[in-house]
Amino acid sequence: MTHSPPTTWWLRPVSRDDVQKLLQTCWQETPADVAHEKLALLCALQAQGRALGAVVETADVLIGYGQVMRWREGAEIADLFVIDIARGFGIGSALIAYLLATARSWGVPYAELGVLQDNLRARALYERLGFRYVQSIVLNEETILYMRFMLD
């Protein structure tokens, strides 16, 4: 699927109806049954006020996705993705700001995320937005850095 760089886009909460569009752009390597299950769980948590999934949309195409989950002591941002052609236009920054605003509304003191150590572009973005290194773990032979953004 070929796309030109987006000129107009908007953020909104994800819905169960988005699964096919997500599979076409953001979740291309995710099996359909896993995507359906993942989105059903997220939407249930969203209805309880414990999570928010967000999509970035342009025309009729989803070009980005991310989610934030509320935990006892903080929040976790996960599954951030912006399609290649849409990177470098501030979409990732806007998506993260949207998720951080949700975490802040929950009254938690911080939001964390994990990033592969060798994903230098994402790490630079997170650092530029104010995330700071907390710890690293090795999972499946890959080093994951955990970064934290203080909300208060």
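By the helix-only formula, in which each DSSP H run with n ≥ 4 contributes -39500 (n - 2.57) and the sum is divided by residues, the chain has a 222 nm mean residue ellipticity of -10000 deg cm²/dmol.
A straight chain from Met150 to Gln135 at 0.36 nm per residue would run longer than the Cα-Cα distance by 3.9 nm.
Sequentially through segment 111-125, phi angles give Karplus couplings (6.51, -1.76, 1.60; θ = phi - 60°) of 10, 10, 8, x, 9, 4, 3, 8, 8, 5, 5, 5, 4, 4, 4 Hz, Gly and Pro residues having no value and appearing as x. Give the relative contact order (percent, whole number) for segment 29-111; include only Cα pairs under 8 Å separated by 6+ residues. Computed over segment 29-111, the figure is 23 percent. Sequence-distant contacts, meaning Cα pairs under 8 Å at least 6 residues apart, place the relative contact order of the chain at 18 percent. Positive-end ranking of Cys43, Met69, Met150 along the dipole of segment 29-152, with charges on Cβ about the Cα centre, is headed by Met150.
The distance linking segment 51-123 with segment 5-45 is 13 Å (Cα centroid to Cα centroid, whole angstrom). Computed on the Cα atoms alone, the convex hull of the chain gives a volume of 123 cubic angstrom per residue.
Peptide packing: for 134-141, 72-79, 53-60, the average count of neighbouring Cβ atoms within 10 Å per residue gives the ranking 53-60, 72-79, 134-141, highest mean first. Note that segment 24-30 has calculated 3J(HN,Hα) couplings of 6, 10, 8, 10, 4, 9, 9 Hz, one per residue in order, obtained from phi through the Karplus relation 6.51 cos²θ - 1.76 cosθ + 1.60 (θ = phi - 60°); glycine and proline are x.
Ordering Ala86, Thr58, Ala97 by Cα displacement along the dipole of segment 10-108 toward the positive end leaves Ala97 in first place; charges were set at the Cβ atoms of Lys, Arg (+1) and Asp, Glu (-1). Applied to segment 137-152, the Karplus parametrisation 6.51 cos²θ - 1.76 cosθ + 1.60 on θ = phi - 60° returns per-residue 3J(HN,Hα) values of 9, 10, 9, 6, 6, 10, 8, 10, 9, 9, 10, 10, 10, 7, 8, 10 Hz, with x for Gly and Pro. Calculated FRET efficiency, Ser15 to Ser93, Cβ-Cβ distance, R0 = 25 Å: about 0.60 to the nearest 0.05.
All of the numbers you see were taken from the coordinates with simple rules; none came from a lab. Everything numeric here is computed off the predicted structure, so don't read it as measured data. FYI the Cβ positions are ideal-geometry reconstructions off the backbone, even for glycines, and counts take in every protein chain you see.
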